[in-house]
1. With just the Cα atoms defining each centre, how far is segment 182-243 from segment 372-388? Give it in Å.
2. Please list the radius of gyration and Dmax for segment 139-288, considering alpha-carbon atoms only, with Å as the unit.
3. Just the number, please: carbon plus sulfur as a percent of the accessible area of segment 283-419, 1.4 Å probe, no ligands or DNA/RNA counted.
4. Whole-Å semi-axes of the chain's equivalent ellipsoid, largest first, each the root of 5 times a Cα gyration tensor eigenvalue?
5. Binned at 5 Å from 0, what are the whole-percent values of the Cα-Cα distance distribution for segment 248-294, short to long?
6. Can you give the local net charge around I82? Use residues other than it whose beta-carbon is closer than 11 angstrom to its beta-carbon, Lys and Arg +1, Asp and Glu -1.
7. Kindly provide the helix-only [θ] at 222 nm of the chain, computed as the sum of -39,500 (n - 2.57) over DSSP H runs of four or more divided by all residues, to the nearest 500 deg cm²/dmol?
8. So what is the accessible area of segment 61-214 per residue, in Å², with the probe set to 1.4 Å?
Amino acid sequence: MTESTTGRITDEGVAALRARIGVPQLYPAPAHYRRPNEDAFRHVAISYGDDNPLWCDPDYAAASRWKGPIAPPPLIGGDSLIGEDRLTEAEIAGQRELRGDPLRGVHAFYGASEREWWAPLPPDRQVLRRTALVGVLDKPSEFGSRGIQEWTAQAFQTAGGTLLGAQYRMMFRTEREKARERKKYDAIEPAVWDESAIAELEAGYAAEKPRGARPRFWEDVAEGDKVGPLVKGPLTVTDMVCWHVGMGMGMYNVAPLRLGYQNRQRIPRFYHRDELGVPDAMQRVHWDPAFARKSGNPTTYDYGRMREAWLIHACTDWMGDDAWLWRLRVEFRQFNYVGDVQWAEGEVVRKYLADGDHPAVDLELRTRNQRGVVTSPATATVLLPSRQHGPVRLPRAPGRAATLEAAFDAVIDRFSAER
């Protein structure tokens, strides 16, 4: 790519990106948890404000239908949380063809996520993953300029052969439009909270608790039933520090000191100099207001994955220990700034037998801020225990696959069919 096309979406760049669809790739960061144990389960759950004893108390979990601790759903997938790459020697040798970004310099932001879970993850299991680009879709930006949806899929399996789940992650690529982006967010005023407002939010926190061991039977659920709300906020930088304690530093593999230097050699364009002349990772926009303002935002803001985890939390608190969260789809449409509150909430919109024999409900979900703005609309499918049909039976992997490779191929095929 010539310097003149850097930062631009060209037909040649899009074609080069599409040539990578379906080609298994090494993930750019190692797994944060190679063999996640009971402590990892607890750390991940606490990082998004979830103290459900099903993830956090091994003695409690031992008395549940799962007969022991299981991972909270956000751990299965996420960005670089689990999974050691499982590629053939030929696939590893072909990684040279995947070097570089055909859309180098084109702005990328996290636009949407789709996830599904097929089986629980017990502690101390090695997890394998396969990753590939699965879709490159032309979509105009909100300003009418060219935009690209870049969809990547992953599937996960324990080394013992249990298929765990899959996810799609969409990065929206668009040419930088700094003046219009800054103007768009000029009207946003940071939230300020007085004691009475904080007391009202804390009353919401005090009323929250997971449903726990009391089953939510399918027969007792009706369309229109409410899910949540859960209070999430006001968002602080401390919340994001705690997020990183459990979730790691994500796919860019940000690290301190000498390891930070080494990472800067690997991805130099991800680092910008601060007011002291020190190079630092662009993730600093999440905790440094000055860095955030350089990106066109009025102040620091969250990660989309945080709101995804909050919506998962709303589902698992509502459904109880005996149910199973099968699918979740989230779009990240607005920023969540430091000082903002989000309410994770929703309702039941459909009750049916999935695949003919799995009692299921579909949920419409959202995160809504104190301005009344929906920042992340979402949908989910939950499998519930039934008096008539019995305990929850776990969903089948796509294509009734029995191996990681077959499940991954089925995930890719389904993406193509649905788009």
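1. One Cα centre to the other: 16 Å.
2. Cα only, segment 139-288: 21.7, 62 Å (Rg, Dmax).
3. C and S atoms contribute 49 percent here.
4. 33, 28, 21
5. 5, 22, 33, 25, 14, 2
6. Summing Lys/Arg as +1 and Asp/Glu as -1 gives +2.
7. The helix-only estimate for the chain comes to -7500 deg cm²/dmol at 222 nm.
8. Per-residue value: 47 Å².
The values are calculated or read from the model by the stated rules, or taken from the named source; none is laboratory data. Note that this is a predicted model, so its numbers are computed, not measured. All Cβ positions, even for glycine, are placed from backbone atoms using ideal geometry, and neighbour counts span all protein chains on display. These accessible areas exclude ligands, DNA and RNA; they are computed on the full protein's heavy atoms, side chains included. Shrake-Rupley method; radii C 1.70, N 1.55, O 1.52, S 1.80 Å.
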